[in-house]
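Since the structure comes first, as structure tokens, the remarks are kept for the end.
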Amino acid sequence: MTQFSVIGKRMPRVDGFDKVTGKAVYGTDIKLPRMLVGKILRSPLPHARILHIDTSLAKRLPGVKAVLTGLDTPQIKFGFFKHQDHKFGDCHPLKCDKVRCIGDEVAAVAAVDEDIAQEALGLIKVDYEELPPVFDPEDALKPGAPLVHEEAGSNLLTTINIVSGDVDAAFARASVVVEDSFRTQPVHPCCLEPKQAVADFSPAGTLTFYSSTQMPFFMRRDLADTVGLEESKVRVIKTTMGGHFGSRMEMHPLDPICALLSQAAGRPVRIVYTREEDFTASRFRHPMTLRLKMGASRDGKLLATDMKVTLDSGAYCSQALGVANVIGTNALLIYPLPNLRYVSDIVYTNNPYGGSFRGYGNPQGTFAVEAVIDTLAEELGLYPLELRRRNAWKSGDVSILRQVMTSCGFDQCLDEVTKRCRWDGKSSRAGQGSGLAGFLHVGGGARVHGNNDGCGAWVKVEDNGGVTLITGAQEIGQGGNTILSQIVAEELGVPLASIKVQNTDTDTMPWDLGCHASRTTFVGGNAALAAAKEAKAQLLEAAAAKLEASVGDLLIQEGKIFVAGSPERCLTIAEAAHAHHYRQGGSSVIGKAFYDPPSEEPRKGIGNRSAAYAFGFQAAELSVDGETGQVDIQKMVAAHDLGRAINPMLAEGQLEGAVVQGMGYALMEELTFDSGKIANASFADYALPSALDIPSQEIVLVESIDPQGPFGAKGLGESGLVPTAPAIANAVYAATGVRIKELPLTPEKVFNAIKRKG
């Protein structure tokens, strides 16, 4: 068994000290000379034509340095998937012709302080011609419905079709077929740090932009395109992030607005959202309707699945295209099956628009799939556990969509969950119940952005023994810098404290796709490992010359290089680095690598998009009060296959937080819309789990040791909340005999469902 000095150890986060002592620099901490305050005027109407905007009074207000409307900008549309098709670039930073949802950006000001900026907004007069809105995606698809984007000719943005096998023939020979419909709600990520940006346009025409973005190089690309600059003239500096959960993947309208204000004023500008703005103008998990049909043979083998999804994209596309794809390629393949059909209609409405949020479509799809799996088991006369055991993934399996399961802890995760949960194998219907749910998610990146999923890394060893990892892989609060530091420290044989990470500046770090799809540990980790190997080879070469030994006889441990069997013949890392460059023809010790995983870009959903896949199961033990509908969770168990746990403490923390987030999704969280307006846009009105709601948790890390991963590791970050809500919903059914098909499972819904059942 391999012995590690750093890998697999429970080590505190390398950025922890700065965060708990207040040294970490967040976006709101950036202070530049002569910096102005930016503010955005938003539409109070869900659908209206802009007839005229009068900014004259605002421009004359003392202290106002810039006022912009859409007509003052390059009028270039943007969108996260614009690089795939220009029709997905459907949003102007400042709206030029009409507004399509409440909160749409209409005008912006930059002033010397916040009070003046706010006063200036009140002086801008906008004449609107109100248009009939459409809020329900089913209504939006009806003939004669108001068009959100007239130029598109329809409210149907696009339809995704993924088909493999002969689905209809499989249903015809199935012994049991279950068909049902489900609805999921819009849920906000509720980051403690509101959205913000700082832009500094220089007289030379270059832009320095400070942002808590997950994808700095995508931000640079999209910002340059929308503002009308060459990409070489844009520099993005990533600030410390105060929460994201996927919501900071894409460029938001405030980013180009901030840059354009700085350009117009000739001074730096900062925009910080209020909490209400953050709710209103930030992305959230998409609501959708899911109609699912599944069939199985008499012996419990799944034969076919057929899903139709109607996704409410809101006023713009944002991330809807990617979210819809993930349902068809992840949620529908939690279990192996030979025939699959998936259709998703992405629909424009005049609601605020959704985007990326942890799980990226998988939580919605898994809620439906795992409910139907339990119903299938009941129809077949099998325990839910048994049906899942009969449909288990194994290492080496290849799905009907060509996904290759290089490592797989499916069975082990199911075993760990069931032995830790009070589980009698059947529904109790007596107010007490247990339920479980599984998931499949990418664990090795996701090749879905222009056939590239790579990451660059440089490892530099100094004469003083210090090691700097310069990488494009991002720390976004998940512990990425700690994991990457442990990987480099293990390979170089140095203490973790020797490692520094630099990954905040697009001008100085190598390119990386960005932090999404649970890719940092796998993709960024492999890049860092390869760079460390190259630096290590240089150190060993220099040490071999000094110690008069062959490279193959040298070992590195605890910061020293020594001859195997003769530990007295040794050099420190610092001495070896010094020897490597302090000679004629020498050079600094720098290892360079660019890792692009062995995955493929899917075509119509078919293709091995990830280099590894993550599996897991969660179970819930709970009680339901039949007189109030209140659900009380006593225990949650989560067993997740993560390849190898680089840092078990961080992995457990990820899962503990994810389970709580999943509980909120299951039981209480929901953005409520009133004629297109978010009615609960504050922490006072939006229900979130508190410390009093958190039950006992058991976290189990299952190590399947992936052959492609760095030291065998796979991604973990996104998947932790995917099975939580369906496990809770299945447990509620076990306790009551009532299947509730719409999230969240509020006491009112549970009570009314029990009452209807009698």
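The values are calculated or read from the model by the stated rules, or taken from the named source; none is laboratory data. Source: prediction; values computed, not measured. No Cβ is skipped: glycine too gets one built from the backbone with ideal geometry, and neighbour counts run over all protein chains shown. For the accessible areas, the whole protein counts, side chains as well, though only heavy atoms, and no ligand, DNA or RNA atoms are used. Shrake-Rupley method; radii C 1.70, N 1.55, O 1.52, S 1.80 Å.
Hey, if you put +1 on the Cβ of every Lys and Arg and -1 on every Asp and Glu Cβ in the chain, which of 117, 61, 159 ends up farthest toward the positive end of that dipole? Working it through, the farthest residue towards the positive pole turns out to be 159.
Trypsin sites (Lys or Arg not before Pro) within segment 530-603: which are DSSP loop residues with at most 11 other Cβ atoms inside 10 Å?
Taking segment 530-603 and a limit of 11 other Cβ atoms within 10 Å, the loop trypsin sites (Lys or Arg not before Pro) found are 583.
Can you give me the relative contact order of the chain as a percent, contacts being Cα pairs under 8 Å and 6 or more apart? Once divided by the residue count of the chain, the mean separation gives 16 percent. Counting only protein heavy atoms and using a 1.4 Å probe, what share of the accessible area of the chain belongs to carbon plus sulfur, as a whole percent? Accessible surface attributable to carbon and sulfur in the chain totals 50 percent. Note on segment 621-730: Rg/Rh from C-alpha atoms, Kirkwood Rh, equals 1.07. Pairs exceeding a 28 Å alpha-carbon distance, out of 77/125; 23/592; 82/533; 238/460; 460/560; 95/604: 23/592; 82/533; 95/604.
Expressed as a fraction of 2.2 N^0.38 Å, the C-alpha radius of gyration for segment 336-432 is 1.37. The alpha carbons of segment 62-153 give a radius of gyration and a Dmax of 16.4, 51 Å, in that order.
A 1.4 Å probe, protein heavy atoms only, puts the accessible area of residue 345 near 20 Å². Each of the peptides 162-168, 235-241 was scored by the mean count of other Cβ atoms within 10 Å over its residues; in descending order, highest first, they stand as 235-241, 162-168.
Compared with the alpha-carbon gap, the fully stretched path from residue 692 to residue 136 is longer by 196.6 nm at 0.36 nm per residue. When you count the other C-beta atoms within 10 angstrom of each residue and take the mean per peptide, 13-21, 510-518 line up highest first as 510-518, 13-21. Residue ranking by accessible heavy-atom surface, 1.4 Å probe, largest first, among 206, 746 comes out as 206, 746.
Of the residues 291, 183, the one with the largest accessible area comes first in the ranking 183, 291, computed with a 1.4 Å probe on protein heavy atoms. Once you sort the root eigenvalues of the Cα gyration tensor of segment 622-687 as a ≥ b ≥ c, which label holds: rounded (a/c under 1.5), prolate (a/b larger than b/c) or oblate (the other case)? Oblate, since a/c reaches 1.5 and b/c is not below a/b.
Restricting segment 654-758 to chymotrypsin sites (Phe, Trp or Tyr not before Pro) that sit in a DSSP loop and have at most 15 other Cβ atoms within 10 Å of their own Cβ leaves 683.
Its residue count N fixes a reference of 2.2 N^0.38 Å for segment 105-170, and the Cα radius of gyration divided by that reference is 2.02.
Shape of the chain from the C-alpha gyration tensor: oblate (a/c of 1.5 or more and a/b not above b/c, with a ≥ b ≥ c the square roots of its eigenvalues).
Reducing segment 708-758 and segment 231-259 to their Cα centroids gives an inter-centroid distance of 33 Å.
Basic side chains Lys and Arg get +1 at the Cβ, acidic Asp and Glu get -1 at the Cβ, and with that the dipole of segment 1-129 about its Cα centre reaches some 500 debye. Evaluated at q = 0.10 Å⁻¹, the base-10 log of the normalised Debye intensity for segment 257-412, with identical point scatterers placed on the Cα atoms, takes the values -0.49.
The dipole here belongs to the chain: it is taken about the Cα centre, uses +1 on the Cβ of Lys and Arg and -1 on the Cβ of Asp and Glu, and is about 440 debye.
Need the C-alpha centroid separation for segment 1-44 versus segment 453-491, integer Å. Taking the Cα centre of each part, segment 1-44 and segment 453-491 sit 16 Å apart. Treating each Cα of segment 709-758 as an identical point scatterer and summing with the Debye formula, the log10 of I(q)/I(0) at q = 0.13, 0.17, 0.18 Å⁻¹ comes to -0.43, -0.58, -0.61. Could you work out the longest stretch of the chain that avoids the GluC sites (Glu not before Pro) located in DSSP loops with at most 11 other Cβ atoms within 10 Å? Result, exposed sites excluded: 231-547.
A probe of 1.4 angstrom, applied to the heavy atoms of all protein chains, finds residue 156 with accessible area near 60 square angstrom. With helices as the sole contributors, the chain gives -8000 deg cm²/dmol at 222 nm; each DSSP H run of n ≥ 4 counts as -39500 (n - 2.57), and the sum is divided by every residue. The calculated FRET efficiency for the pair residue 548 and residue 594, based on their C-beta separation and a Förster distance of 35 Å, comes to about 0.50. Accessible area per residue for the chain is 36 Å², calculated with a 1.4 Å probe on protein heavy atoms, without ligands, DNA or RNA. Ordering 409, 254, 265 by Cα displacement along the dipole of the chain toward the positive end leaves 409 in first place; charges were set at the Cβ atoms of Lys, Arg (+1) and Asp, Glu (-1). Each of 716, 666, 694 was scored by the projection of its Cα onto the charge dipole of segment 657-744, and the greatest displacement toward the positive side belongs to 666; charges sit on the C-beta of Lys, Arg, Asp and Glu. With the cut-off at 1.5 for a/c, could you classify segment 547-665 from its C-alpha gyration tensor as rounded, prolate or oblate? Taking the square roots of the gyration eigenvalues as a ≥ b ≥ c, segment 547-665 is prolate. With every protein chain in place and a 1.4 angstrom probe, the accessible-area ranking of 85, 374, largest first, reads 85, 374.
Straight Cα distances below 13 angstrom link residue 755 to the aspartates and glutamates 625, 627, with same-chain residues fewer than 8 positions distant left out.
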